[in-house]
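Let me begin by presenting the structure, written as structure tokens, before commenting on it.
The values are calculated or read from the model by the stated rules, or taken from the named source; none is laboratory data. Worth saying up front: this structure is predicted, and the values here are computed from it rather than measured. Glycine also receives a Cβ, built like all others from the backbone with ideal geometry; neighbour counts cover every protein chain displayed.
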Amino acid sequence: MVRSVACAGVMALLMIQWGSAAKLVCYFTNWSQYREGAARFMPSNVAPDLCTHLIYAFAGISDQHQISSMEWNDLSLYQELNSLKKMNPKLKTLLAVGGWSLGTQKFTNMVATAQNRKTFVDSAIRFLRTNGFDGLDLDWEYPGSRGSPAVDKERFTALVQDLANAFQQEAPTSGKERLLLSAAVSGNRGHMEAGYEVDRIAQSLDFINLMAYDFHGTWEKVTGHNSPLYKRQGEQGVNAELNVDAAVQLWLQKGAPASKLVLGMPTYGRSFTLASSDASVGAPASGPGVPGPFTKEGGILAYYEVCSWKPSQRIEDQKVPYVVRDNQWVGFDDVESFKAKVAYLKQKGLGGAMVWSLGLDDFSGSFCNQGRYPLIQTLRQELSLPSMPPSPPKPQVPAPGQPLEREPGTSPGHGAFCQGKADGLYPNPRDPSTFYSCAGGRQFLQNCPRGLVFSTSCSCCTWA
């Protein structure tokens with residue numbers, strides 16, 4: 001009995017220590033600025049105390065093997081994102097290089113020789129320091145796959161080691177904290193075995209962001225959940241590995257320290273168009289789901305685009321929900337499934353949670369009636385991180401000629417103005433310095449900066 005009490009005390013202490021050190025890693029995407037109305041997402045929408053680590057996605061690689069910006073205003077957005085550290089000095093920011101759209105060729109060219117790798121490493125250090133980042137996140141999708149040759153598996157290891165060594169050597173000379181190094185990695189066995197010497201890269205990485213989602217999607221002919229926690233009863237072979245648990249177990253077995261493995265969670269769902277009246281898990285699908293009003297991409301819906309669909313059903317074996325509306329089938333994550341996943345990662349002793357992405361949660365609290373960032377707030381609470389204050393984010397004041405997002409703190413209205421209107425921005429006939437953002441028949445009254453008026457010619461605030 002005494003031994004049991006002592007063990008319980010030790011476990012409680014370990015949980016407290018683990019909780020205080022848990023990472024909550026959140027990705028900011030530089031294309032979320034182009035979403036319309038209340039869905040437009042900028043660094044000013046990021047609560048500075050929401051996540052422990054912010055990762056800006058994405059930077060690219062030039063033909064000269066140097067890291068490079070990708071969007072026209074990246075440098076300005078870097079500055080805005082990194083300014084959040086003035087309000088939260090504990091916050092760490094990293095720059096992610098790569099992403100699905102970049103492909104593999106530029107990575108393959110860059111890692112091909114030691115000199116090319118050195119060129120990249122040197123440029124990365126300069127770029128990160130110049131723009132105020134605390135580290136680099138490697139998001140090569142994927143070494144040894146998608147046209148990348150088999151030798152890139154070993155060359156990716158060499159890149160990771162070169163970066164880690166250079167970061168270590170640079171810190172004393174710069175007088176600053178050592179730059180952090182992380183990598184976003186696949187949860188798919190094929191990609192993992194083709195691309196990663198897990199035990200070797202794990203030694204050099206500060207943490208590993210496991211992309212434990214996109215297990216099913218519209219590249220398949222039947223419905224399946226985007227990010228199931230476990231396999232479904234009866235699943236065998238490859239299908240039995242298309243889940244979070246299988247991906248985590250695989251990375252641990254291959255030599256990733258549990259404390260460095262950060263479990264990725266999606267704030268979006270994967271959608272299908274049903275081919276028949278069968279709406280079950282594994283039902284025939286004719287193609288991707290209809291694009292959402294804000295994300296506008298077939299087969300994918302932000303949490304804020306699907307949270308109001310009722311009623312949702314749960315896949316009990318997999319601890320995740322799905323919802324059906326007419327011929328649309330969506331497998332997504334909600335507060336309950338995020339709680340189950342945090343309980344799982346605690347059980348496994350993992351290093352924390354990663355979120356893709358900030359702008360796909362209900363960041364303004366306008367859509368789901370669950371407050372701001374309902375999914376990511378759940379992760380904070382379940383990871384025993386301090387609760388985020390309820391104050392609204394700082395309003396963004398754009399330059400003339402740029403549209404203004406919904407003013408923070410303004411609740412959506414249910415008046416008649418937007419009824420029957422297409423989603424978009426409309427002038428307020430009563431006040432030219434304000435305008436309406438219509439979304440799904442709901443209206444959001446927004447203010448232009450002082451001295452500007454709304455213009456229908458550009459759908460933006462401009463000089464009178």
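List of remarks:
- Residues of region 343-354 that turn out to be part of a helix (DSSP H, G or I) and buried (at least 23 other Cβ atoms within 10 Å of the Cβ), as a count: 1
- Applying the set (1) in a loop (DSSP other than H, G, I, E, B); (2) at pLDDT 50 or above; (3) in contact with a Gly (Cβ under 9 Å, 6 or more places away or on another chain); (4) buried (at least 18 other Cβ atoms within 10 Å of the Cβ) to residue 406 leaves exactly one unmet item: (2).
- Restricted to region 34-63, and to residues there that are in a loop (DSSP other than H, G, I, E, B), over 19 Å from residue 129 (Cβ atoms) and without any contact (Cβ under 8 Å) to a residue 60 or more places away in the chain, the residue that is farthest from the chain's Cα centre (by Cα) is 63.
- Among (1) out of contact with any Lys or Arg (no Cβ under 6 Å at 6 or more places or on another chain); (2) part of a strand (DSSP E or B), the one test that residue 208 misses: (1)
- Any hit, region 39-52, residues being modelled with pLDDT of 95 or more, closer than 19 Å to residue 206 by Cβ and either surrounded by 22 or more Cβ atoms within 10 Å (Cβ to Cβ) or of a type in the set (D, E, K, R) (or both): yes
- Every residue from region 182-216 that is within 19 Å of residue 246 (Cβ to Cβ) and of a type in the set (Phe, Trp, Tyr): 196, 213, 215
- Residue in region 305-316 that is modelled with pLDDT of 95 or more, over 25 Å from residue 372 (Cβ atoms), buried (at least 17 other Cβ atoms within 10 Å of the Cβ) and in contact with a Phe, Trp or Tyr (Cβ under 7 Å, 6 or more places away or on another chain) present: yes
- Residue within region 145-164 that is in a loop (DSSP other than H, G, I, E, B) and within 24 Å of the chain's Cα centre (by Cα) present: yes
- Within region 409-425, the residues that satisfy the criterion of being surrounded by 12 or more Cβ atoms within 10 Å (Cβ to Cβ), closer than 8 Å to residue 443 by Cβ and modelled with pLDDT of 50 or more are 417, 418.
- Residue list for region 167-193, restricted to those being surrounded by fewer than 19 Cβ atoms within 10 Å (Cβ to Cβ) and in contact (Cβ under 8 Å) with a residue 24 or more places away in the chain: 170, 174, 176, 177, 189, 190, 191
- Note on region 231-256: among residues that are touching a strand residue (DSSP E or B) at 6+ places or on another chain (Cβ under 9 Å) and surrounded by fewer than 21 Cβ atoms within 10 Å (Cβ to Cβ), the one that is farthest from residue 307 (Cα to Cα) is 252.
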